[in-house]
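A short reminder: the numbers here are calculations on the coordinates, not readings from a lab. Please read all numbers here as calculations on a predicted model, not as lab measurements. Cβ: placed from backbone, ideal geometry, glycine included. Neighbour counts: every protein chain shown.
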Amino acid sequence: SQKIEQNSEALNIQEGKTATLTCNYTNYSPAYLQWYRQDPGRGPVFLLLIRENEKEKRKERLKVTFDTTLKQSLFHITASQPADSATYLCALSDTGRRALTFGSGTRLQVQP
Amino acid sequence: DTGVSQDPRHKITKRGQNVTFRCDPISEHNRLYWYRQTLGQGPEFLTYFQNEAQLEKSRLLSDRFSAERPKGSFSTLEIQRTEQGDSAMYLCASSLKQTQETQYFGPGTRLLVL
């Protein structure tokens, strides 16, 4: 069966450190993978998209990697700040589909 | 604020009642999506429109659910004979055909069925 797995346990880190979140998937052949941020009671906000032929993508303090052999994406936030505290969702589209399938998200808590 | 608006933001209803939610996408976006999200889970796809045509529906979308996008602009999602299991956040998203992969989400409508 198809699965997208993110660490369900909250990740607690100290301000200034790098946060690394993992997204693993099985039985998908995605052309791209996306990461979204979601704050409590609000809709997800798009952060980054990485295509299957890209190994790495960066945007300011954010970095995403995509390994289609391992079927895994890693999402990094460098120099983390308390304002980065939120739930981070990975999402992908199966071949030929428009709808996104989301993981259950990982909650990040950055301690000052 | 992504520019996608949803109304109402909160709805409390009794089991068996019908409810209708509205979504106004970003004006130039021709694709519109509905998702449902329960606590601790990621959003689950319900249905998707390109302009006024409903092109895909999830198996999650039972006969009690219906969605429309009559003029290719705003959309409505109606749930008939609500059940307690329908309690969730209902999210709307829109995207531009040319940059179809990125979806912009609204704030959601939180439904509580008593």
>> For the stretch A:54-67: of the residues being of a type in the set (Lys, Arg) and either under 19 Å from B:Gly42 (Cα atoms) or outside any strand (DSSP E or B) (or both), which is nearest to the other protein chains (Cβ to nearest Cβ)?
In response: A:Lys55
>> Being of a type in the set (Gly, Ala, Ser) and over 13 Å from the mean Cα position of the chain (by Cα) is the requirement here; does B:Ser66 meet it?
In response: no
> Got a number for residues in the stretch A:5-25 being part of a strand (DSSP E or B) and within 25 Å of B:Ala93 (Cβ to Cβ)?
Replying inline: 7
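Take B:Gly85 and decide whether it is closer than 27 Å to A:Ala86 by Cα, of a type in the set (Gly, Ala, Ser), surrounded by fewer than 20 Cβ atoms within 10 Å (Cβ to Cβ) and more than 8 Å from chain A (Cβ to nearest Cβ).
When the stated conditions are applied, B:Gly85 passes them.
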> Can we say B:Lys97 is more than 13 Å from every other protein chain (Cβ to nearest Cβ) and among the basic types (Lys, Arg)?
Replying inline: no
>> Being surrounded by 14 or more Cβ atoms within 10 Å (Cβ to Cβ), part of a loop (DSSP other than H, G, I, E, B) and more than 10 Å from every other protein chain (Cβ to nearest Cβ) is the filter here; which residues of the stretch A:30-53 pass it?
In response: A:Pro30
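Residue-by-condition table, conditions (1) closer than 30 Å to A:Ile50 by Cα; (2) touching a helix residue (DSSP H, G or I) at 6+ places or on another chain (Cβ under 7 Å); (3) within 14 Å of chain A (Cβ to nearest Cβ); (4) part of a strand (DSSP E or B):
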site: B:Arg36; (1), (2), (3), (4): yes, no, yes, yes
site: B:Gly72; (1), (2), (3), (4): yes, no, no, no
site: B:Met89; (1), (2), (3), (4): yes, no, yes, yes
site: B:Pro107; (1), (2), (3), (4): yes, no, yes, no
>> Being more than 19 Å from A:Asn7 (Cβ to Cβ) and part of a strand (DSSP E or B) is the filter here; which residues of the stretch A:68-78 pass it?
In response: none
> Could you give every pair whose Cβ atoms fall below 6 Å, whose first residue belongs to the stretch A:84-108 and is within 16 Å of B:Thr102 (Cβ to Cβ) and touching a residue at least 40 places away in the same chain (Cβ under 8 Å), and whose second residue is assigned to a loop (DSSP other than H, G, I, E, B) and of a type in the set (A, V, I, L, M, F, W, C), counting only separations of at least 6 or pairs across chains?
Replying inline: A:Ala91/A:Leu100; A:Ser93/A:Leu100
> Here are some conditions: (1) surrounded by fewer than 17 Cβ atoms within 10 Å (Cβ to Cβ); (2) more than 14 Å from every other protein chain (Cβ to nearest Cβ). B:Leu60 meets all but one. Which one does it not meet?
Replying inline: (2)
> If you go through the stretch A:79-112 one residue at a time, how many are more than 14 Å from chain B (Cβ to nearest Cβ) and either more than 19 Å from A:Gln6 (Cβ to Cβ) or surrounded by fewer than 16 Cβ atoms within 10 Å (Cβ to Cβ) (or both)?
Replying inline: 7
